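To keep things clear, I will list the structure first and then write my remarks on it.
The values are calculated or read from the model by the stated rules, or taken from the named source; none is laboratory data. What you are looking at is a predicted structure, and each value in this text was computed from that prediction instead of being measured. Please note: Cβ atoms are built from the backbone with ideal geometry, for glycine as well, and neighbour counts cover all protein chains shown.
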Amino acid sequence: MAIHFSVNQQEVEVGPGEEEMPLLWFLREKLRLTGSKFGCGIGQCGACTVHINGTAVRSCLLPVGQLQGSQIRTIEGLAPTGQLHPVQQAWLDQDVPQCGYCQAGQIMAAVSLLERINQPTDQQISDNMTNICRCGTYTRIRKAIRQAAETHAEKPVTEA
Amino acid sequence: MQNPHRRHFLKISALSAGAMLVSVTLPLRTRSSSAQQPVSPQWCVYVSINRDNSVVMQSPIMEMGQFMRTAGPMILADEMDLDWSLIRFDLNMPTYLTRNRKGDLVYDHAQIGTGGSQTLKNNWTYLRTAGATIRRMMIEEAAERWDCSPERLTARLSQIIDTPTGRKFSYGDLAEKAARRQVDTNKLKLKQPAQFHIMGKNQPAIDARDIVTGAPLFGIDENYANALRVAIDRAPAMGAQIAGYDKKAALAVPGVRQVVEMPHESGPHWPDGETQLRAAGVAVLADSFWAAMRGKDALKTTWKDTHQYAGLNSKAHRETLKALARSDQPGKHLRDDGEVTRALQQADKVLEHCYERSFLAHACMEPLNCIADVRKDSATVVVGHQWPHAAALAVEEIAGIDALKVEVINKRMGGGFGRKGEADYLREAIWLSHKVGQPVQVIWTRENDMERDFFAPAAAVQIRAGVKQGRIHGWHMRHAQTAGEAESHNFPAHLVRDCRIESLAGNEPFPLGTWRGPRQMQQAFAIESMLDELAHAAAADPLAFRLALMEPAKAHPIDYWAADHLDSGRMARCYRSAAEMAGWGRKLEKGEGLGIAGHVTFGTYVAFVLQVHVDDNKQLSLQKAWGAIDCGFAVNPNHIRAQMEGGFIDGLNAALFNEAVIEDSRVQTRNFGQLRWMRMGETPLEIETEIIESDREPTGVGEPPVPPAPAALANAIFAASGLRLRRMPFSEHIRI
Ligand code: FES
Ligand code: FES
């Protein structure tokens with residue numbers, strides 16, 4: 001049976017012989033969603049982070065054959081109406097990105113963190129934000145997460 | 001789409017009127033020379049003004065995370081007196097190339113290339129003059145229409161205003177005719193810093209929104225028509241040759257189209273002299289990169305080692321350098337002030353220590369990649385490269401196509417750090433496209449990237465220094481590194497009467513390249529660690545000891561390409577500011593310590609204080625850092641702060657983790673699994689920056705925050721625990 005799953009709420013089907021293709025390359029090359037980045041290919045850097053059923057996952061090692069029925073969200077699906085997600089807005093307000101290459105992965109990791117723990121402590125931020133930023137934007141990422149957490153506090157998240 | 005009849009771009013008018021609107025002589029720096037050559041500032045290539053007064057601007061400078069793509073337009077727009085909010089940025093970045101009188105390929109207009117923390121400096125006068133020229137054109141056009149003197153008119157926020165009467169023209173009204181004007185360069189007036197309305201204020205990066213929404217900004221994201229995706233199986237040992245591979249198996253992978261052998265290439269290179277420029281490899285060309293990677297795995301390539309680079313071993317090399325630095329083999333004397341031997345004999349106390357650093361990897365977050373489309377007599381290269389003219393030169397050399405017929409399209413670089421100034425990844429894509437007669441996109445895996453790096457050299461710096469009555473008395477520094485020379489001008493030279501600096505080279509053919517203030521970092525690590533050790537030996541406070549050393553405040557002339565003086569007063573100011581912010585001298589908890597270090601890099605002064613905690617089990621945590629920077633006029637303060645944060649973290653990462661390990665000519669640190677890299681949990685919670693106010697011409701900020709980091713960390717660890725670390729990476733000696 002063909003594998004079906006959704007990406008940013010669009011149904012997609014895995015073609016024959018494609019089951020072993022990692023999700024990252026399926027997104028980048030089949031769907032041309034290039035926001036998720038290739039950084040290491042071994043699950044270390046987090047540049048390829050996407051959400052699978054709401055949880056942040058590194059997509060570079062995950063074969064699409066295992067995704068039957070899953071809901072995938074990528075950076076491109078974070079602001080479907082054009083209105084930025086509060087985490088993206090916080091990233092802009094703190095002017096986080098330097099080269100920018102890791103930032104889609106960082107944002108996806110942060111969104112997932114805040115969906116699970118809406119007021120994370122500094123320790124929880126450190127424990128959950130394990131993506132590499134080669135440019136060293138970590139202190140700003142932390143500030144942006146704190147800012148987004150405050151926005152959350154004012155406006156409880158209703159979306160699951 | 002707008003109605004084309006309404007789109008009267010200044011660009012078009014200007015070009016139809018002849019491009020030479022004004023001609024001024026501006027300094028032009030190419031990679032190989034700093035010769036003064038005349039260029040024509042055809043500013044209009046970057047700026048188009050629409051009738052409705054909106055502006056479309058292309059950034060004149062490349063971006064690799066150092067914010068130049070934003071700084072360039074700020075300079076131009078400020079002198080033009082543009083309303084920043086009316087500008088739309090066109091992120092397409094072609095490379096404008098021309099030939100100078102000698103026939104060398106040079107950048108036309110702005111110096112788009114970036115590196116050496118010189119980018120801002122190289123473009124400062126050019127972009128300001130270009131902006132002021134456009135402003136003057138607007139003023140003169142308005143004056144003619146109103147039949148009044150241009151001197152009574154002012155430009156403000158994309159308008160020319162006649163203050164006495166209150167009448168106004170928008171730039172959109174004036175642009176088309178203004179563009180045809182000839183401006184007398186003597187009438188150009190650059191603004192005073194107090195008149196800047198865009199510079200000196202925090203402007204967000206012009207493409208920040210595209211970044212946070214995942215727009216395809218990088219070369220690796222590009223979907224070039226008909227390009228085959230390429231993965232290359234590269235020789236794991238330097239110099240190795242292909243022994244055999246299973247071509248059939250690779251071609252059997254669905255999507256794989258071709259398999260091509262790529263020859264090994266050696267040649268002259270900076271700073272290592274002669275090294276491997278490109279590994280031998282087998283290229284797999286496919287419909288997708290995923291298929292190409294699977295094809296590469298199917299090759300099962302076998303290799304035969306050659307003798308050219310046999311037996312290279314980084315750990316052994318480090319020992320060689322250390323032995324060299326500690327030996328009495330004379331080095332090249334870069335400086336020999338006073339009588340260093342006698343001074344050390346007279347000192348109350350003499351300390352002698354060696355400070356060591358490993359090879360540093362670049363690990364740009366975006367793996368190297370390049371698209372090349374070499375046609376019969378023209379070519380297109382799409383790439384993020386620090387010096388894009390190198391792509392045009394490579395096409396000329398490899399395919400015999402005139403470099404001026406090469407279109408080089410620049411993409412935002414996912415990190416550069418000197419690695420993206422190398423030509424290897426351009427050359428292989430160009431070579432392949434030329435060979436197969438089709439566009440190709442070569443993407444490196446992380447393993448390719450780390451194995452085939454051009455590392456920052458390893459180094460060992462031995463310092464013998466004395467103190468007498470609380471002051472430095474004699475300073476003898478022997479600086480050994482894989483290749484290249486030390487600098488001769490750094491403090492405490494000029495401040496210590498008897499000072500000798502020697503340079504030695506290990507001379508083994510490790511592949512080396514530029515990094516982010518690498519030489520400055522190893523110098524600062526050695527010098528600032530030794531200053532600390534001397535202060536303790538003299539029972540002095542490390543800050544007070546440094547401030548006393550900097551007295552009297554004086555600008556010492558130096559003979560150096562990036563600055564003409566070294567000012568002890570500016571350095572002292574940075575030490576003091578960082579220390580004040582940190583609350584230097586306050587009472588700390590048990591296990592906490594503050595460390596201070598500073599350095600002058602390419603004319604920019606930086607000092608940092610770092611607070612760490614070390615527990616009884618030698619478990620280290622980095623708590624907070626405070627930095628002060630004097631980089632002349634602060635064009636975009638928030639981005640200077642960002643560089644202070646990121647650069648300092650890069651330096652901390654070098655101090656703690658970054659060690660490229662090479663055994664038997666094979667790189668062992670092949671991915672982030674073997675090469676640990678700093679993450680959020682290891683980073684200080686906060687880094688605060690003070691920018692010293694200044695009206696001096698701006699100097700670079702990309703590299704200067706890096707060099708002080710290792711010494712600030714070593715000094716803080718010592719203050720917290722009494723443990724003195726003199727060998728990077730520190731994570732071998734302390735837990736983190
Ligand atoms: S690319 Fe997936 S974790 Fe690095
Ligand atoms: S912003 Fe460059 S890697 Fe994170």
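Any residue at all in the range A:133-141 that's under 16 Å from residue B:209 (Cα atoms) and either in contact with a helix residue (DSSP H, G or I) (Cβ under 6 Å, 6 or more places away or on another chain) or surrounded by fewer than 21 Cβ atoms within 10 Å (Cβ to Cβ) (or both)? Yes, the range A:133-141 contains a residue that is under 16 Å from residue B:209 (Cα atoms) and either in contact with a helix residue (DSSP H, G or I) (Cβ under 6 Å, 6 or more places away or on another chain) or surrounded by fewer than 21 Cβ atoms within 10 Å (Cβ to Cβ) (or both). Of all residues in the range A:84-111, those satisfying the criterion of being part of a helix (DSSP H, G or I), more than 7 Å from chain B (Cβ to nearest Cβ) and either closer than 19 Å to residue B:645 by Cβ or within 16 Å of ligand 1 (Cβ to nearest atom) (or both) are A:90, A:93, A:105, A:106, A:108, A:109, A:110.
Every condition in (1) more than 9 Å from every other protein chain (Cβ to nearest Cβ); (2) touching a residue at least 12 places away in the same chain (Cβ under 8 Å); (3) in a loop (DSSP other than H, G, I, E, B) holds for residue A:114 except the one numbered (3). Would you please name the residue that is nearest to ligand 1 (Cβ to nearest atom), looking only at residues in the range B:440-467 that are assigned to a strand (DSSP E or B) and within 14 Å of chain A (Cβ to nearest Cβ)? Out of the qualifying residues, it is B:443. Across the range A:128-141, the number of residues qualifying as more than 7 Å from chain B (Cβ to nearest Cβ) and over 20 Å from residue B:64 (Cβ atoms) comes to 1. Checked against the criterion of being more than 14 Å from chain A (Cβ to nearest Cβ), farther than 19 Å from residue B:698 by Cβ and either buried (at least 24 other Cβ atoms within 10 Å of the Cβ) or within 16 Å of ligand 1 (Cβ to nearest atom) (or both), the candidates B:585, B:651, B:595 yield just one match: B:595.
Here residue B:650 clears all of (1) outside any loop (DSSP other than H, G, I, E, B); (2) in contact with a strand residue (DSSP E or B) (Cβ under 9 Å, 6 or more places away or on another chain) except the condition numbered (2). Within the range B:391-410, if we keep just the residues that are under 24 Å from residue B:225 (Cβ atoms) and touching a Leu at 6+ places or on another chain (Cβ under 7 Å), the residue that is farthest from the other protein chains (Cβ to nearest Cβ) turns out to be B:404. Total residues in the range A:45-90 satisfying the condition of being within 16 Å of ligand 2 (Cβ to nearest atom) and among the β-branched types (Val, Ile, Thr): the figure is 3.
Of the strands (runs of 3 or more DSSP E) entirely within the range B:326-423, those holding at least 1 residues that are crowded, with 20+ Cβ neighbours inside 10 Å occupy B:349-357, B:369-374, B:379-383, B:406-410.
Taking the options A:46, A:77, A:100, A:39, name whichever one is in contact with a strand residue (DSSP E or B) (Cβ under 7 Å, 6 or more places away or on another chain), closer than 18 Å to residue B:221 by Cα and touching a residue at least 60 places away in the same chain (Cβ under 8 Å). After ruling out the rest, the residue left standing is A:46.
Restricting the range B:656-693 to residues that are surrounded by fewer than 24 Cβ atoms within 10 Å (Cβ to Cβ) and assigned to a helix (DSSP H, G or I), the residue that is farthest from the chain's Cα centre (by Cα) is B:681. The set of residues in the range A:112-139 being under 18 Å from residue A:45 (Cα atoms) and either more than 16 Å from ligand 1 (Cβ to nearest atom) or small (Gly, Ala, Ser) (or both) consists of A:112, A:113, A:125, A:126, A:127, A:136, A:137, A:138, A:139. Note on the range B:158-184: residues that are modelled with pLDDT under 90 and exposed (fewer than 14 other Cβ atoms within 10 Å of the Cβ) total 2.
Can we say residue B:580 is away from chain A (no Cβ under 14 Å) and either in contact (Cβ under 8 Å) with a residue 24 or more places away in the chain or under 25 Å from the mean Cα position of the chain (by Cα) (or both)? No; evaluated as a whole, the condition is false for this residue. For the range A:22-39, the condition holds for no residue, the condition being that it is farther than 19 Å from residue B:212 by Cα, more than 10 Å from every other protein chain (Cβ to nearest Cβ) and charged (D, E, K, R).
Under the condition of being in a loop (DSSP other than H, G, I, E, B) and under 14 Å from residue A:105 (Cα atoms), which residue from the range A:10-40 is farthest from ligand 1 (Cβ to nearest atom)? This residue is A:33. Being touching a Cys at 6+ places or on another chain (Cβ under 8 Å) and of a type in the set (Gly, Ala, Ser) is the requirement here; does residue B:505 meet it? The answer is no for residue B:505. A count restricted to the range B:45-73 and to residues that are under 18 Å from residue B:124 (Cβ atoms), assigned to a helix (DSSP H, G or I) and more than 14 Å from chain A (Cβ to nearest Cβ) stands at 2.
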